[in-house]
Amino acid sequence: MIYDQDFEDNADLLANYSILVMPQAAAITRPAADQIRAMLARGGVVLADDFFKAKIDGVQKLVWEGVKEEDPTNTKLEQELLKQYGRPDHPLYIEAMEQAAKKTMGEEGPTQKAINIIREAIHSPVHTGARHVFCNLLTAGEANYLVAVNDLRAPGRFYGHFGRVLEKGVAQTADFELDAGLGAVAYELLACRKVPLVKKGEHTNTCCLELGPAGGNVVVLLPAAIKKLSVQVDTAVLAERGEITVRAKLSDRRKQGVPGIIPARIEIIRPDGQHDDLSHFGAFVDGELLLTLPMALNGPAGRYKVEITELANGRQDSASWKYKPSR
């Protein structure tokens, strides 16, 4: 969000932008106009609506159908419906306005046209054609994380049954287009499984994700497939400090540590087969996971086991040690 005074304070405010959208900007300041002209001259895209009156060549105007010049708050359709039905709370007036809103939001409406122009103007490494899906891309080293949230809703059982409130989540399948440079393999972190990537053209991969009602998904994209998980236990300081060290390594097909952050489940199993309270969730960082586990002086004697599962591909490994409390 930028304001008139921002142009006064920064003469190069738009230098790093490729697209500018100006809704309901009937008048703009001289500094803003100068910067907009400069942005257009270097190939930038500027979008405005029917309110925009400044004389700047190159601004793309999307005219919302039916807006009257002398009264931009009322459309011709609204005036016709009010004349026909007499009041804005008439059921047929409401129904007609809702249908008009759906048309505006549809593929042929100005809203979708604006979205298409924006998509052409900026390059996004991730794109989905699914409606009501919000996605974000995060990076940690060579790993990239696609976070997708499903906000598709329908009228629910209570307030929503009137059709005025969309309160009930609806499951959907969403297809995503991904820059091939984001990663060669993909894993669902919530389902702990590999996601097939289908090549589309030279620089694009596609994948399909199941999104639950009002739910989401997290996919990690890696440069190489996960190949091996190894766990080792070091008991060298057990007698001295009453603790052990657990080292786990997660490697890929390149025989390198898996980059980024990969969640892991760590389970400590006591000699009686019960899970110890020290069991918890952790994470591999660039393929390394290091744990220091205290051993209770009054704990049961016998063989203990640590079992670690990486939560990208589900690989698992374990190590054990024998413990005898000192008396």
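In the range 196-241, which residues are among the acidic types (Asp, Glu) and in contact (Cβ under 8 Å) with a residue 12 or more places away in the chain?
Residues of the range 196-241 among the acidic types (Asp, Glu): 202, 210, 234, 240.
If the condition is that a residue be among the acidic types (Asp, Glu) and in contact (Cβ under 8 Å) with a residue 12 or more places away in the chain, then GLU202, GLU210, ASP234 are the ones that fit.
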Working carefully through the options VAL237, VAL165, VAL170, VAL231, find the one that is farther than 26 Å from ARG315 by Cα and not assigned by TED's automatic domain parsing to the domain that holds LEU137.
VAL237
Tally of residues being touching a residue at least 60 places away in the same chain (Cβ under 8 Å) and among the hydroxyl-bearing types (Ser, Thr, Tyr) across the range 17-38
1
Selection over the range 43-70 where residues are modelled with pLDDT under 85 and in contact with a strand residue (DSSP E or B) (Cβ under 9 Å, 6 or more places away or on another chain) yields a count of 8
So ARG193 clears everything in (1) surrounded by fewer than 16 Cβ atoms within 10 Å (Cβ to Cβ); (2) free of Cβ contacts under 8 Å to residues at least 60 places away in the same chain; (3) not assigned by TED's automatic domain parsing to the domain that holds PRO23 except one condition, right? Which one?
(2)
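Can you report the number of residues in the range 1-20 which are part of a helix (DSSP H, G or I) and polar (S, T, N, Q)? Explain how you work it out, then say what you get.
Here is the first cut: in the range 1-20, the ones part of a helix (DSSP H, G or I) are 4-9.
If we keep only those that are polar (S, T, N, Q) too, we end up with 5.
Number of matching residues: 1.
For ARG254, are the conditions met, namely being closer than 23 Å to THR139 by Cα, of a type outside the set (Gly, Ala, Ser) and out of contact with any strand residue (DSSP E or B) (no Cβ under 8 Å at 6 or more places or on another chain)?
Here the answer is yes, as ARG254 does meet what is asked.
Out of ALA224, ALA186, ALA171, ALA180, I need the residue that is out of contact with any helix residue (DSSP H, G or I) (no Cβ under 8 Å at 6 or more places or on another chain), exposed (fewer than 15 other Cβ atoms within 10 Å of the Cβ) and not hydroxyl-bearing (Ser, Thr, Tyr). Which one?
Numbers: ALA224 fails: exposed (fewer than 15 other Cβ atoms within 10 Å of the Cβ); ALA186 fails: exposed (fewer than 15 other Cβ atoms within 10 Å of the Cβ); ALA180 fails: exposed (fewer than 15 other Cβ atoms within 10 Å of the Cβ).
Result: ALA171 is the single residue among ALA224, ALA186, ALA171, ALA180 that is out of contact with any helix residue (DSSP H, G or I) (no Cβ under 8 Å at 6 or more places or on another chain), exposed (fewer than 15 other Cβ atoms within 10 Å of the Cβ) and not hydroxyl-bearing (Ser, Thr, Tyr).
The values are calculated or read from the model by the stated rules, or taken from the named source; none is laboratory data. This structure is a prediction, so every number in the text was calculated from the model and none was measured. Quick reminder, even Gly has a Cβ in these numbers, built from the backbone with ideal geometry, and neighbours come from all protein chains shown.
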